[in-house]
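S.K.: Structure provided below as structure tokens; questions to follow.
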Amino acid sequence: MSSKQQLKIQIDIAGRAYPLSIERDKEEVVRKAALFINKQLKVYQSKYHIKDIQDPLAMICVRLATELESFKDTVTINEKQLVQYVEDMNLFLDKAEED
């Protein structure tokens with residue numbers, strides 16, 4: 001069982017209510033995500049005159065998944081750079097101790 005306190009909330013996406021159990025400190029992020037999805041739905045529906053909700057939801061999913069994958073690549077690169085920096089600093093400190 002998680003040590004974080006769980007909170008039961010309900011979010012609305014495309015006019016449908018979805019009950020969720022989330023960590024209390026994630027509530028704002030989840031609500032902002034639902035708001036973002038609903039705003040994007042309106043944009044896609046008005047821009048492409050789409051009545052069926054499934055198509056714009058799929059388009060939003062692809063967009064967000066693409067952004068997530070790009071972000072993961074950036075984080076991985078930054079993580080590798082950080083590891084290299086720490087290794088370089090350790091070598092520098094080891095040399096400084098030897099002198």
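S.K.: Any idea how many residues of the stretch 28-40 are open to solvent by less than 60 Å² (accessible area, probe 1.4 Å) and more than 19 Å from M59 (Cα to Cα)? Don't jump to the end; show me each part of the working.
M.R.: Quick first cut of the stretch 28-40, residues open to solvent by less than 60 Å² (accessible area, probe 1.4 Å) only: 30, 33-34, 37-38, 40.
Going one step further and asking which of them are more than 19 Å from M59 (Cα to Cα), we end up with 30.
Total meeting the criteria: 1.
S.K.: So, in the stretch 11-24, of the ones that are over 18 Å from the mean Cα position of the chain (by Cα) and more than 16 Å from C61 (Cβ to Cβ), which residue ends up surrounded by the most Cβ atoms within 10 Å (Cβ to Cβ)?
M.R.: Within the stretch 11-24, the first condition is being over 18 Å from the mean Cα position of the chain (by Cα), and the residues that meet it are 12, 14-19.
Applying the additional criterion that residues be more than 16 Å from C61 (Cβ to Cβ) yields 12, 15, 17, 19.
On the way: D12: 13, G15: 8, A17: 8, P19: 8.
Here the residue is D12.
S.K.: What's the number of the only condition in (1) open to solvent by 60 Å² or more (accessible area, probe 1.4 Å); (2) in contact with a helix residue (DSSP H, G or I) (Cβ under 6 Å, 6 or more places away or on another chain) that P56 fails to meet?
M.R.: It fails just one condition, (1).
S.K.: Given the options M89, M59, name the one that is part of a helix (DSSP H, G or I) and over 22 Å from the mean Cα position of the chain (by Cα). Explain how you work it out, then say what you get.
M.R.: Values: M59 fails: over 22 Å from the mean Cα position of the chain (by Cα).
Checking each option against the conditions leaves just M89.
S.K.: Going by what's in this entry, would D94 be described as surrounded by 10 or more Cβ atoms within 10 Å (Cβ to Cβ), free of Cβ contacts under 8 Å to residues at least 40 places away in the same chain and over 28 Å from I13 (Cβ atoms)? Spell out how you get there, then give the answer.
M.R.: Details: surrounded by 10 or more Cβ atoms within 10 Å (Cβ to Cβ): no; free of Cβ contacts under 8 Å to residues at least 40 places away in the same chain: yes; over 28 Å from I13 (Cβ atoms): yes.
Taking the combined requirement at face value, the residue does not satisfy it.
S.K.: Now, a different point. Conditions first: (1) closer than 17 Å to C61 by Cα; (2) modelled with pLDDT of 95 or more. Y44 passes all but one, so which condition is the exception?
M.R.: With (1) closer than 17 Å to C61 by Cα; (2) modelled with pLDDT of 95 or more applied to Y44, the lone miss is (2).
Residues are listed down the side, and each one gets a yes or a no for (1) in contact with a Leu (Cβ under 7 Å, 6 or more places away or on another chain); (2) assigned to a loop (DSSP other than H, G, I, E, B); (3) open to solvent by less than 60 Å² (accessible area, probe 1.4 Å); (4) free of Cβ contacts under 8 Å to residues at least 40 places away in the same chain:
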{"site": "I9", "(1), (2), (3), (4)": "yes, no, yes, yes"}
{"site": "K26", "(1), (2), (3), (4)": "no, no, no, yes"}
{"site": "Y44", "(1), (2), (3), (4)": "no, no, yes, yes"}
{"site": "T66", "(1), (2), (3), (4)": "no, no, no, yes"}
{"site": "F71", "(1), (2), (3), (4)": "no, no, no, yes"}
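The values are calculated or read from the model by the stated rules, or taken from the named source; none is laboratory data. Keep in mind the model is a prediction, meaning the values are calculated, not measured. With ideal geometry, Cβ positions are generated from the backbone for all residues, glycine too; neighbour counts draw on all protein chains shown. In case anyone asks, the SASA skips ligands and DNA or RNA and just uses the protein heavy atoms, side chains included. Shrake-Rupley method; radii C 1.70, N 1.55, O 1.52, S 1.80 Å.
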